[in-house]
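Structure record follows, encoded as structure tokens.
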Amino acid sequence: MSDSFARSTRGVRDARDWGLTRRAWSKASGFDDIDLTKPIVGIAQTWSELNHCHIHFRQLAEAVKRGVWQAGGWPLEFPTISLGEFHISPTTMLYRNLMALDTEEMIRAQPLDGVVLLAGCDKNLPAQLMGASSADKPAIMMTGGPMLTSSWNGQPLGACTDCRRLTEDLRAGRISLEQYQEVENALGRSAGHCMVMGTASTMASLVEALGLALPGTAAIPGPDSRRLRLCEAVGRQIVEAIKQDLRPSRIMTEKSFENAIRLMLALGGSTNAVVHLPAMAGRLGLSLPLAKIDEFSRTTPLLANIRPSGKFHMEELFEAGGIPAVLKELSPLLHLDCLTVTGKTLGENIEHAKVLRRDVIRPLADPLAPEGGTAVLFGNLCPRGAVIKQSAATPSLLKHRGRAVVFTSQEDLEARIDQPDLDVRPDDVLILQNIGPVGAPGMPEWGSIAMPRKLLDAGVRDMVRISDARMSGTAGGTVVLHVCPEAAVGGPLALVRDGDIIELDVPNRTLNVLLSDEELSQRRAAWQAPPPKYRRGYGRLYVEHVLQADEGCDFDFCRGQGT
Ligand code: FES
């Protein structure tokens, strides 16, 4: 235990430190002198009735506590902000940084020797990892696990890959409202987070690659008793991590971030990870340029056959050996010497891992696709980058040239997208402006722009869509996201007009608007920034300090280490 950690617990452990009130108030809670001598383990609790994905977290916390007591520690649970993806408006991403601040300051300020982070739904994982990295006390993340796979009409149902598909089916009149309501009753079969390789499953998997979770954490279904037993193991291990001073800054290194990128690509993971990983790295003073992610994308095959890029769900990934098995398959491309919270290296952690279902986890020599799921694009439309989940796109659209159909805001899109007189053809390119980090603000998951009704009616299922927003990790389609810089700060996306020709070339990693530099300069000179959406409070703090997508959308004043 380092001196700096011991300082925050002074007065709790030893009466000679003049900690009368700290000790007295602990005793008022029913703890006695023996408890007060033990390493103090905080459990960052994000249970909330407004966050379904965390609805079983009280039970998880109790299991972690049993483990902490078993190993001679003193567990103390404390609440932080909890971000439920479907209840928070306008977008949970607006509050990821607020949760990271809350988590960092509570870990730093309270008398804790180490912390167990309980997270499940999308933004909670990066928020806790960002906060814990900045506080830099020994930490282990325990995720909530995916929901059990559901079914409807004899077909498996995956949240929320099928939510979008079935909503489009309803809009196009292919299913009735009664059938849609049957889906509503079937979709969420158990506690846990979305059961496809969405953002929650992706981030939970990456935490294993980063070394901040115990092996096997990500894929055990949320209600499975094996998750509770793993929680006990986490409780025991955090006490050991405190003794060995296994702080995030010792574990989350440049090499472990590279391992996480490789895993994300091999899983066909959520494009949101391309925002969260640079934000997390930035907290540790590390840089994770998009160019590196693309370089890795070209040399990391797609191995996991999981929706939305593949066929199966997280339950089958668990049966196939889980993330340790994927990492084992990826071993030749990984830094196996990275330290992890087990006190062992990543290579030692996965030494005995085995792939148990080859239809779910493909061999490195015979992958689902030769390249990773996510590609990074550059060009005059996105000088600082844009991303596309090529594994979930229509192959014939990955090289495409088309006429721009421009929407200047989400409101504009909603007002016109289903109009019968909308001038749109299947080979056009839909452009949505001003929904990036500053523009929306909060870079919501509005990038999987709804298909125009008249094209849906004509049987068109996909077209090229481009925006400065994000998209849910559970979604698919030929959707270019995170265009950087965003329109609201004057990025080239703001300059595109109806009828301009857009050229997308994913194999060559380019995205351009076919306009001369001179024309772009003239349009830039005439461009005016949209008025800010917030004039006070947290929203104002956010728009004044949020970084662009290529830097992870963290606050500029939160990067780097120290206080
Ligand atoms: Fe929480 Fe999908 S709604 S992970």
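The values are calculated or read from the model by the stated rules, or taken from the named source; none is laboratory data. Everything numeric here is computed off the predicted structure, so don't read it as measured data. A quick note on method: Cβ atoms are made from the backbone with ideal geometry, for glycine too, and the neighbour counts reach across all protein chains shown. Protein only, heavy atoms only, side chains kept; ligands, DNA and RNA dropped before computing areas. Shrake-Rupley method; radii C 1.70, N 1.55, O 1.52, S 1.80 Å.
Laid out as a table, the results:
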quantity	calculated
Accessible-area composition of the stretch 158-213, carbon plus sulfur, in percent [1.4 Å probe]	50 percent
Cα centroid separation, the stretch 354-371 to the stretch 110-129 (Å)	32 Å
Using a Förster distance of 51 Å, the FRET efficiency for residue 366-residue 454 (Cβ separation, nearest 0.05)	0.75
Per-peptide average of other Cβ atoms within 10 Å, ordering 322-332, 13-23, 272-282, 528-538 highest first	272-282, 322-332, 13-23, 528-538
Solvent-accessible area per residue for the chain (1.4 angstrom probe, square angstrom)	37 Å²
Relative contact order (%) - the chain, alpha-carbon pairs under 8 angstrom, separation at least six	13 percent
Full-stretch length increase - residue 519, residue 498 - with 0.36 nm per residue and alpha-carbon distance subtracted	6.1 nm
The chain: angle of helix 517-526 to the longest principal axis, Cα-based, in degrees nearest 10	70 degrees
Approximate spin-label separation residue 70-residue 545, in nm, with each point projected 7 Å along Cα-to-Cβ	4.1 nm
Listed peptides 127-138, 334-345 by packing density, highest first (mean Cβ within 10 Å)	127-138, 334-345
At R0 = 30 Å, FRET efficiency that the Cβ-Cβ distance of residue 351 and residue 29 yields, to 0.05	0.10
Probe 1.4 Å - accessible area at residue 510, Å² to nearest ten	40 Å²
The stretch 483-532: C-alpha pair distances exceeding 13 Å, %	62 percent
Entries of 38/255; 344/389; 137/255; 123/389; 137/328 with Cα pairs more than 31 Å apart	38/255; 344/389
Per-peptide average of other Cβ atoms within 10 Å, ordering 478-486, 218-226 highest first	478-486, 218-226
Area projected by the alpha carbon convex hull of the stretch 290-341, averaged over all directions, nm²	4.9 nm²
Fraction of antiparallel bridges per DSSP, the chain only, in percent to nearest 5	45 percent
Tail beyond 24 Å, pair distance distribution of the stretch 432-563 (Cα, percent)	38 percent
Euclidean distance between Cα centres, the stretch 398-466 to the stretch 510-535, Å	18 Å
Whole-percent pair-distance distribution, where bins are 10 Å wide, for the alpha carbons of the stretch 493-560	15, 29, 32, 22, 1
The chain: Cys lacking any partner C-beta under 4.7 angstrom	194, 231, 338, 382, 484, 553, 558
Relative contact order for the stretch 147-258, counting Cα pairs under 8 Å that sit 6 or more residues apart, in percent	26 percent
Relative contact order computed over the stretch 263-325 (Cα-Cα under 8 Å; 6+ residues apart), in percent	35 percent
Total charge dipole magnitude, the chain, about the Cα centre, Cβ charges on Lys, Arg, Asp, Glu only, Debye to nearest 20	1020 debye
Helical mean residue ellipticity (222 nm; -39500 (n - 2.57) per DSSP H run of 4+; nearest 500) of the chain	-10500 deg cm²/dmol
Within-11-Å neighbourhood charge of residue 219 [Cβ basis; K, R +1; D, E -1]	-3
Net charge contributed by nearby residues that have their C-beta within less than 13 Å of residue 52 (K/R +1, D/E -1)	-2
Surrounding net charge for residue 255, when Lys and Arg each add one and Asp and Glu each subtract one, Cβ distance under 14 Å	0
Förster radius 56 Å - calculated FRET efficiency between residue 37 and residue 292 (Cβ-Cβ, nearest 0.05)	0.75
Accessible surface of the stretch 1-149, 1.4 Å probe, proportion on carbon and sulfur as whole %	57 percent
Contour excess over end-to-end distance, with Cα ends at residue 15 and residue 59 and 0.36 nm allotted per residue	12.5 nm
Full-extension gain in nm, residue 226 to residue 422, via 0.36 nm per residue minus C-alpha separation	65.3 nm
Zero-based 5 Å bins, Cα pair distances in the stretch 255-404, whole percents	2, 9, 17, 21, 20, 15, 9, 4, 2, 1, 0, 0
Loop sites in the stretch 246-319: chymotrypsin sites (Phe, Trp or Tyr not before Pro), DSSP, at most 14 other Cβ within 10 Å	none
Accessible area of the stretch 314-429 belonging to carbon and sulfur atoms, whole % at 1.4 Å probe	53 percent
Residue 335 long-range amide H proximity, modeled H, under 5 Å	259
The chain - convex hull of the alpha-carbon atoms, volume per residue in Å³	145 Å³
